[in-house]
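Let me begin by presenting the structure, written as structure tokens, before commenting on it.
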Amino acid sequence: MKNLLYILIIASFCSCSKDFLDRNPTTDLNNNTFWNTEADLKSFSNGIYNDAGNNALYTFYLGFTNIPFGSATHAVVPYEVSSDNHASLAAEHIAFARVSAGQNFVATNASDAGWNWGILRKCNIMLRNYTKAQILESIRNNYAGEAYFFRAWFYLDKVQNFGDVPYVSKPLDNTSEELFEARQPRKQVMDSVLRDIDMAINYLPASWSTPGRVNKYVALALKSRLCLYEGTYRKYHNLGDYEKYLNQCVDASALLMSSGKYSLYKTGNTAADYKTLFVTKDLSTNPEVIFSRAYVQGVLTHNMSGYVASQLAGPTRDFVEDFLCLESDGSAKPVALSTAYSNSTMEAEFNNRDPRLKQIVLDPREEQAVFKTQVGYPRLQGMQGNVSPTGYHLIKYYDYNQMLLSTNQDTDAPLFRYAEVLLNFIEAKAVLGQATKTDLDQSVNLVRRRAGVPDLTMTPVADPKYAGLGLDPLVVEIRRERRVELCYEQLRYQDLMRWKMGAQLNKQVLGIRFEPTDRANPKFAAVSSSVKTTTVNGKNYIDVLASSELRNRKFTESKNYLFPIPINVISKNPAIGQNPDW
């Protein structure tokens, strides 16, 4: 049953403003008549879910209405354009492409910058009133747990984007002093977030009678994510006190891992299991999915396969190169050290690679199997049909039969899955210097075995590509695994930010290999002269941004790890201040 769907479509009960901090008291439900029954608590909580799924915390699958930045911050494909995994020349993605280029600017309106606080107001209203319900305390606490969960998630999102933020734990009215106060330091905010997520874990049930609501295990997954984020951000940005968060990431992850509730989805088919997970209609019983957004025909649908097939953007060469090569001796090595790797042709670079590559990026030889057509992939600018600016075509989330449904697609969207928890666990362990072979085998190696990739050892070979980072090769390989396994799941950009790897975004954005002689191939006769190439080590690759203003990469260490505060927000409360160098 896709019960979460019915939660998400229930109308909100508070018409919250999207001003600096939402504080309209006229939107409160009558406190004397409403907060009496479990039905009251449930219906109000449904409004929190509704806000969360309308881009306050997750949107994930959209059709083509995905701009501006603030209205689609949580849309899966556009958000990836902000990172080094995906590149675009499309107007639909310009706000995200500017982020990756370090060319984003200060928004005027809060709604255009993700500075929205409506869901926080609802969480605070719930937490102020839930004890009034004349029901068992344990049942009341279940609904309070949902509010604590979403407040923690909300503040994680705000701290990731803006750093210091106002921390508000009560509903505000027009006379509230908090409306005119300065932001609280991120440490203070994140310590409050940690308390909130612990309250959620304590209050939420292990399961609900109606599936689809967040439970104790979803809260543990969020704690695993947020503690890894804050712990590594504090370490690599030299903020101190990082061990506390990393240890709590390990503990939360370990509780999930030992619960016996979840496991990786696998049938033994390493060539298909990974992709199948992302084109499944109903994830409610999938052993790997901890929390998902449901879609149902006639109620709530999407156009994800159509969006992916449109190829408005494409995977980058840097991303494709991070997939390991499978060697004849049974090992797995980076491209730079492999004897099994070849990119002598567009097709050859898909040979002898991590099997997930062909499940995420189209092997041109499989166009008939994937797209049910034989028109000559890759499709480059100037060719007929859906062309990719990089020459690489994304196929994760794509399903031909779903694509035929146009805007009525109903595959579910995974929001938290067990593979992420495993990778959170082992990264935290490795950064703390505590990782063991047993830890590898119960985490990252489970993920690799599902994919058909040899186990990671405690002493992996150092990849020359990342030699300049000064990191333990074990940490590098765990990061690689995360980039590959969790690609296009709204995590890569923030991973780069927490690792203090913004300089990665200043690299030239390259696409597939495309030699001058390829233009003589009848398949590429129509390729536009606007498709430029650049030479690297004697080979030519598509220079994706050759004719774009975004070619000038401007990520600045002192500035771009945080987004700017919108102009109207500062105008209404100058004490909020602006982030450094904005």
>> Every residue in the stretch 151-169 that is closer than 19 Å to residue 580 by Cα and in a loop (DSSP other than H, G, I, E, B), please.
In response: 163, 164, 166
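Out of 239, 194, 172, report the one residue that is part of a loop (DSSP other than H, G, I, E, B) and at pLDDT 95 or above.
Working: 194 fails: part of a loop (DSSP other than H, G, I, E, B); 172 fails: at pLDDT 95 or above.
239 is the lone residue from the list that is part of a loop (DSSP other than H, G, I, E, B) and at pLDDT 95 or above.
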> Name the residues in the stretch 253-275 that are farther than 16 Å from residue 449 by Cβ and polar (S, T, N, Q), would you?
Replying inline: 253, 258, 259
> Within the stretch 19-48, how many residues are of a type in the set (Ser, Thr, Tyr) and modelled with pLDDT under 95?
Replying inline: 3
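Could you pull out the residue among 545, 562 that is touching a residue at least 40 places away in the same chain (Cβ under 8 Å) and under 29 Å from residue 238 (Cα atoms)? First the steps, then the outcome.
Working: 545 fails: under 29 Å from residue 238 (Cα atoms).
Only one candidate qualifies: 562.
Yes or no, residue by residue, for (1) under 19 Å from residue 360 (Cα atoms); (2) among the polar types (S, T, N, Q); (3) surrounded by fewer than 24 Cβ atoms within 10 Å (Cβ to Cβ):
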position: 384; (1), (2), (3): no, yes, yes
position: 398; (1), (2), (3): yes, no, yes
position: 415; (1), (2), (3): yes, no, no
position: 419; (1), (2), (3): yes, no, no
position: 437; (1), (2), (3): no, no, yes
position: 464; (1), (2), (3): no, no, yes
> What residue, among those in the stretch 500-537 that are small (Gly, Ala, Ser) and more than 17 Å from residue 554 (Cβ to Cβ), is farthest from the chain's Cα centre (by Cα)?
Replying inline: 520
> For the subset of the stretch 435-451 comprising residues that are in contact (Cβ under 8 Å) with a residue 24 or more places away in the chain and within 24 Å of the chain's Cα centre (by Cα), which member is nearest to residue 355 (Cα to Cα)?
Replying inline: 451
> Tell me, which residue of the stretch 89-107 that is touching an Asp or Glu at 6+ places or on another chain (Cβ under 9 Å) and surrounded by 20 or more Cβ atoms within 10 Å (Cβ to Cβ) is farthest from residue 496 (Cα to Cα)?
Replying inline: 95
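Do we have residue 293 as closer than 28 Å to residue 524 by Cα and within 25 Å of the chain's Cα centre (by Cα) here?
Values: closer than 28 Å to residue 524 by Cα: no; within 25 Å of the chain's Cα centre (by Cα): yes.
No.
Please verify whether residue 140 is touching a Pro at 6+ places or on another chain (Cβ under 9 Å) and of a type in the set (Lys, Arg), treating the condition exactly as stated.
Criteria not met by residue 140.
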>> Tell me yes or no: at least one residue of the stretch 245-255 is closer than 28 Å to residue 77 by Cβ, in contact with a Lys or Arg (Cβ under 9 Å, 6 or more places away or on another chain) and crowded, with 20+ Cβ neighbours inside 10 Å.
In response: yes
> Can you name the number of the only condition in (1) at pLDDT 90 or above; (2) under 30 Å from residue 494 (Cα atoms) that residue 72 fails?
Replying inline: (1)
> How many residues, within the stretch 117-150, are in a helix (DSSP H, G or I) and within 29 Å of residue 581 (Cα to Cα)?
Replying inline: 2
> Quick one: which of 425, 371 is at pLDDT below 95 and aromatic (Phe, Trp, Tyr)?
Replying inline: 371
>> So for the stretch 184-201 (the condition being closer than 18 Å to residue 43 by Cα, more than 20 Å from the chain's Cα centre (by Cα) and not hydroxyl-bearing (Ser, Thr, Tyr)), does at least one residue qualify?
In response: no
> Which residue pairs have Cβ atoms closer than 7 Å, lie 6 or more positions apart in sequence or on different chains, and pair a first residue in the stretch 223-236 that is over 14 Å from residue 424 (Cβ atoms) with a second residue that is of a type in the set (Gly, Ala, Ser)?
Replying inline: 234/240
> Taking the stretch 426-451 as the region of interest, how many residues are over 18 Å from residue 487 (Cα atoms), part of a helix (DSSP H, G or I) and among the hydrophobic types (A, V, I, L, M, F, W, C)?
Replying inline: 5
> If you scan the stretch 452-501, which residues turn out to be closer than 25 Å to residue 562 by Cα, of a type in the set (D, E, K, R) and in a loop (DSSP other than H, G, I, E, B)?
Replying inline: 489, 500
> Filter the stretch 469-500 for residues that are free of Cβ contacts under 8 Å to residues at least 60 places away in the same chain and hydrophobic (A, V, I, L, M, F, W, C); which is surrounded by the fewest Cβ atoms within 10 Å (Cβ to Cβ)?
Replying inline: 469
> Under the condition of being in a helix (DSSP H, G or I) and touching a strand residue (DSSP E or B) at 6+ places or on another chain (Cβ under 7 Å), which residue from the stretch 197-219 is farthest from residue 169 (Cα to Cα)?
Replying inline: 217
> Somewhere in the stretch 522-542, is a residue modelled with pLDDT of 95 or more, part of a helix (DSSP H, G or I) and not charged (D, E, K, R)?
Replying inline: no
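Can you confirm whether residue 518 is out of contact with any Pro (no Cβ under 6 Å at 6 or more places or on another chain), of a type in the set (Asp, Glu) and either in the same structural domain as residue 80 (by TED's automatic domain parsing) or closer than 18 Å to residue 349 by Cβ (or both)? Please lay out each step first, then the result.
Numbers: out of contact with any Pro (no Cβ under 6 Å at 6 or more places or on another chain): yes; of a type in the set (Asp, Glu): yes; either in the same structural domain as residue 80 (by TED's automatic domain parsing) or closer than 18 Å to residue 349 by Cβ (or both): yes.
Answer is yes for this residue.
Here is a yes/no grid of residues against (1) farther than 30 Å from residue 227 by Cβ; (2) in contact with a helix residue (DSSP H, G or I) (Cβ under 7 Å, 6 or more places away or on another chain); (3) touching a residue at least 40 places away in the same chain (Cβ under 8 Å):
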position	(1), (2), (3)
253	no, yes, yes
277	no, no, yes
296	yes, yes, yes
299	yes, yes, yes
310	yes, no, yes
322	no, yes, yes
327	yes, no, no
330	yes, no, yes
336	yes, yes, yes
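Report whether or not residue 221 is within 23 Å of residue 127 (Cα to Cα), buried (at least 23 other Cβ atoms within 10 Å of the Cβ) and modelled with pLDDT of 95 or more. Give the steps one after another, and end with the answer.
Working: within 23 Å of residue 127 (Cα to Cα): yes; buried (at least 23 other Cβ atoms within 10 Å of the Cβ): yes; modelled with pLDDT of 95 or more: yes.
Taking the combined requirement at face value, the residue satisfies it.
The values are calculated or read from the model by the stated rules, or taken from the named source; none is laboratory data. Please read all numbers here as calculations on a predicted model, not as lab measurements. Backbone-built Cβ (ideal geometry, glycine too); neighbour counts: all protein chains shown.
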